[in-house]
């Protein structure tokens, strides 16, 4: 069962063909939430157990006190990033987390789009949609749902962090929600961009401290802070590797 490439971005060549993709609001119903909770063992944890070997989580204490709604951001190098992040979340957060999906990639086919909505509570955002494309995200946050977003907007093919888009910063500041930064290393070795065959690889997920933005924080400042938080997590991991190699 393939995992989903989820992202939020601006620009894209296929936007015009998918402007009619709409959120499947039934994915928020009790029966859909019950399905995701019961199926999490197969749709999330089984992927992590099979392919993330070993799987190391650092900063897990930063997950203990988070409450809905929260904006969860992570770097993006592989289709596996989505399930890795979802596997980290406490049940109370997982049950009320929606995942932002690029409409032109994940909702080109109606049935597949419905499946993505059911198993991950994903919903489509049209590339290049601007503020209008964020309306449903704002509604979710306002109603106590958390969001998982990859602010780079696409997978990095080099592993280097790409510049963040402004959408997540708009959501964090307008809805006054905290931001949980996560950095994932190793997912690209499981399923690199351009390949369809998965293979096990070591994965490290580092969870940072919550970021909060006072009322009136400029969007540019929030975007910079979010990008620097993820970049700092990446730098800490790199320093750990250098220290381990030297010892």
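Coordinate-derived values only; no laboratory data. Keep in mind that what you see is a predicted model, and the values were worked out from it rather than measured. Counting neighbours? That spans all protein chains shown, and the Cβs are built from the backbone with ideal geometry, glycine included.
Tabulated values for the structure
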item: Relative contact order of region 51-184, defined on C-alpha pairs under 8 angstrom at six or more residues apart (%); result: 39 percent
item: For peptides 164-175, 47-58, 189-200, sequence by mean Cβ density within 10 Å, most packed first; result: 164-175, 47-58, 189-200
item: Stretch gain in nm, segment residue 217-residue 57, where the contour uses 0.36 nm per residue and the Cα spacing is subtracted; result: 54.5 nm
item: Relative contact order (percent, whole number), region 138-247, Cα cutoff 8 Å, 6+ residue spacing; result: 27 percent
item: Highest to lowest packing among 89-96, 210-217, scored as the average C-beta count within 10 Å; result: 89-96, 210-217
item: FRET efficiency estimate (nearest 0.05) - Cβ-Cβ, residue 35 to residue 110, R0 22 angstrom; result: 0.70
item: Mean separation of Cα contacts under 8 Å (6+ apart) over length of region 15-246, as relative contact order %; result: 28 percent
